[in-house]
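Let me begin by presenting the structure, written as structure tokens, before commenting on it.
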Amino acid sequence: MTLFRTLFVLLSITIVSCNSGSKATNGDGPDKEELAMIAKKMKEAGFYSGTVMYSDAEGDCPYTIDVDSDDYTYLLDPINMDEKYQKDGAKIWFKFAGLKMMNRCEKANPISIVEIQDRM
């Protein structure tokens with residue numbers, strides 16, 4: 001009986017110590033509050049948020065960036081986007097410079113990516 005009690009106490013301590021974190025998370029990454037703080041910092045640093053879109057339609061730009069905006073929708077044609085980010089649906093933060101050149105496709109304005117990184 002003493003052995004049973006000892007094992008029960010040790011098991012209880014182990015379970016309690018495994019679950020005693022300062023903040024419980026489900027392992028899916030940052031919560032909404034943390035994401036909002038990240039977004040605020042990125043925007044203050046001059047970044048835009050967007051989603052990479054792929055198209056194989058004739059006359060379309062192969063990859064465009066759908067810029068996140070509450071006011072209206074607009075697409076940008078990044079002429080120098082690294083292959084790492086050329087994935088349909090990729091969420092990104094980016095800085096860009098507009099270009100004075102003819103559009104390569106009707107739906108998007110050409111830009112040069114200045115800085116880019118993945119967005120959660």
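The values are calculated or read from the model by the stated rules, or taken from the named source; none is laboratory data. Note that the structure is predicted; figures quoted are calculated from it, not measured. Ideal geometry is used to build each Cβ from the backbone, glycine not excepted, and the neighbour counts take in all protein chains shown.
For the reader, a short list of remarks on this structure follows.
- In region 97-111, residue modelled with the lowest pLDDT [restricted to those that are within 27 Å of LYS41 (Cβ to Cβ) and either within 17 Å of the chain's Cα centre (by Cα) or surrounded by 14 or more Cβ atoms within 10 Å (Cβ to Cβ) (or both)]: ASN109
- Lone unmet requirement of (1) of a type outside the set (A, V, I, L, M); (2) exposed (fewer than 14 other Cβ atoms within 10 Å of the Cβ); (3) outside any loop (DSSP other than H, G, I, E, B) for TRP93: (2)
- Verdict on ILE111 being in contact with a helix residue (DSSP H, G or I) (Cβ under 8 Å, 6 or more places away or on another chain) and closer than 27 Å to ILE38 by Cβ: no
- Selected residue (criterion: nearest to the chain's Cα centre (by Cα)) from residues of region 54-96 that are of a type in the set (A, V, I, L, M, F, W, C) and over 13 Å from ALA108 (Cβ atoms): ILE92
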